[in-house]
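Reading through the structure tokens given below for one structure.
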Amino acid sequence: MQQQLTPDFADYELIDTGDFEKLERFGRFVTRRPEPQAIWRRSLPEAEWRRLADASFRRDLRNDERGEWQLDPKMPDRWTIAYAYRGMKLRMRLALTSFKHVGIFPEQAANWIFIYENVLRLCGAEEAAGHAAAGHVAAESAVRNASVAETLPAAAPRVLNLFAYTGGATLAARAAGAEVTHVDSVRSVVTWARENMELSGLDGVRWIVEDALKFVRREVRRGNRYAGIILDPPAYGRGANGEKWVLEENIGEMLDCCAQLLEPRGAFLVLNLYSMGLSSTLARTAVRQAFGAPEEEQWGELCFTDRAGKELPLGTYYRFRR
């Protein structure tokens, strides 16, 4: 089923968009960043953008991918936001990077819910969805966690998160009780994800700093299997040892490997694409060729709507359940 998804996220708001920029609230602070898909005009005047923005990103004229932030005196270098859905209660640290990112893609909350619900289903713990999951270690949730743990099978479902960044999807799977392997080629990003795990009162994630394609090739040779696979590949990137990743050149092999790793029954998959021009229909076609036709599938755009009602597409997704 084709569907546009916009998650509820109390700590995030898309305030205004236009003229290739977006004005966003993350918790208590407002950022102003470039947005290539905001091709329309802004609704608020420039003076209001300047008044609201605590941090404004300006591109480096010598490097189109990098830039620097201009900060209001009250703007911290780091801060945290929260996301909650039923028993999933996450806290994530944000920071201002030289690539304009802040450490979270809030539109992905729509997929966090899908991951959380599917792991609960695999655990046989749907009835415990309103409780904290077995991975929580915070003292205030210990009693609830014990009740959830009693509903889980001896072997928790294994979930693989590739190109996993700061770990929102990893935490969603772990919060539901999965045994999660988190793979990213950037060591500092994996460290950031581990901080988010600790902030969220979770533990037990397996952290891997490695090129994602190299990792899945080895997993195929080892005959390993996963009940859920999440892929969030960039258009272009480098592995931990300089391996080159180009989406159009490598996505076919990546999907073929993942098709060999995914359990044949009851499993789920999530694929995100952020490259402009790559549609959800393209993602669906590529995945179905590698995995075959699933029992249930969804594909479409991940969006937020600003205060003026302008819908901003922020990526495409395809996901299925066997």
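For the reader, a short list of remarks on this structure follows.
- Scanning segment 216-235 for residues that are within 17 Å of Ile251 (Cα to Cα) and either of a type in the set (Asp, Glu) or part of a strand (DSSP E or B) (or both) turns up Glu219, Ile229, Ile230, Leu231, Asp232.
- Under the condition of being assigned to a strand (DSSP E or B) and modelled with pLDDT of 95 or more, the residues counted in segment 1-39 number 20.
- Answer residue from segment 195-208, given it is without any contact (Cβ under 8 Å) to a residue 40 or more places away in the chain and out of contact with any strand residue (DSSP E or B) (no Cβ under 7 Å at 6 or more places or on another chain) and is farthest from Val159 (Cα to Cα) among those: Glu198
- Candidates in segment 173-189 are the residues that are touching a helix residue (DSSP H, G or I) at 6+ places or on another chain (Cβ under 6 Å) and within 9 Å of Arg206 (Cα to Cα); of these, the one that is surrounded by the fewest Cβ atoms within 10 Å (Cβ to Cβ) is Val183.
- All positions within segment 157-186 that are part of a strand (DSSP E or B) and not aliphatic (A, V, I, L, M): Arg158, Asn161, Glu179, Thr181, His182, Asp184
- Residue check, Gly223 at positive phi and open to solvent by 10 Å² or more (accessible area, probe 1.4 Å): yes
- Considering Leu90, Leu71, Leu52, Leu61, the condition of being among the aliphatic types (A, V, I, L, M) and under 28 Å from Leu171 (Cα atoms) is satisfied by Leu90 alone.
- Here Trp112 clears all of (1) surrounded by fewer than 21 Cβ atoms within 10 Å (Cβ to Cβ); (2) at pLDDT 95 or above except the condition numbered (1).
- Filter result for Pro153 (in contact with a helix residue (DSSP H, G or I) (Cβ under 9 Å, 6 or more places away or on another chain), farther than 24 Å from Pro106 by Cα, at pLDDT 95 or above and open to solvent by 10 Å² or more (accessible area, probe 1.4 Å)): no
- Contact map, segment 40-56: residues that are part of a helix (DSSP H, G or I) and modelled with pLDDT of 95 or more paired with residues that are among the hydrophobic types (A, V, I, L, M, F, W, C) and open to solvent by less than 50 Å² (accessible area, probe 1.4 Å), Cβ distance under 8 Å, separation 6+ or inter-chain. Pairs shown: Trp49/Leu23; Leu52/Ile15; Leu52/Leu23; Leu52/Val30.
- If you go through segment 236-265 and keep only what is outside any helix (DSSP H, G or I), touching a residue at least 12 places away in the same chain (Cβ under 8 Å), touching a strand residue (DSSP E or B) at 6+ places or on another chain (Cβ under 8 Å) and not basic (Lys, Arg), you end up with Gly237, Gly239, Ala240, Trp245, Leu262, Glu263.
The values are calculated or read from the model by the stated rules, or taken from the named source; none is laboratory data. These figures come from a predicted structure and were not determined experimentally. All Cβ positions, even for glycine, are placed from backbone atoms using ideal geometry, and neighbour counts span all protein chains on display. Heads up: the accessible areas ignore ligands, DNA and RNA and are worked out on the full protein's heavy atoms, side chains in. Shrake-Rupley method; radii C 1.70, N 1.55, O 1.52, S 1.80 Å.
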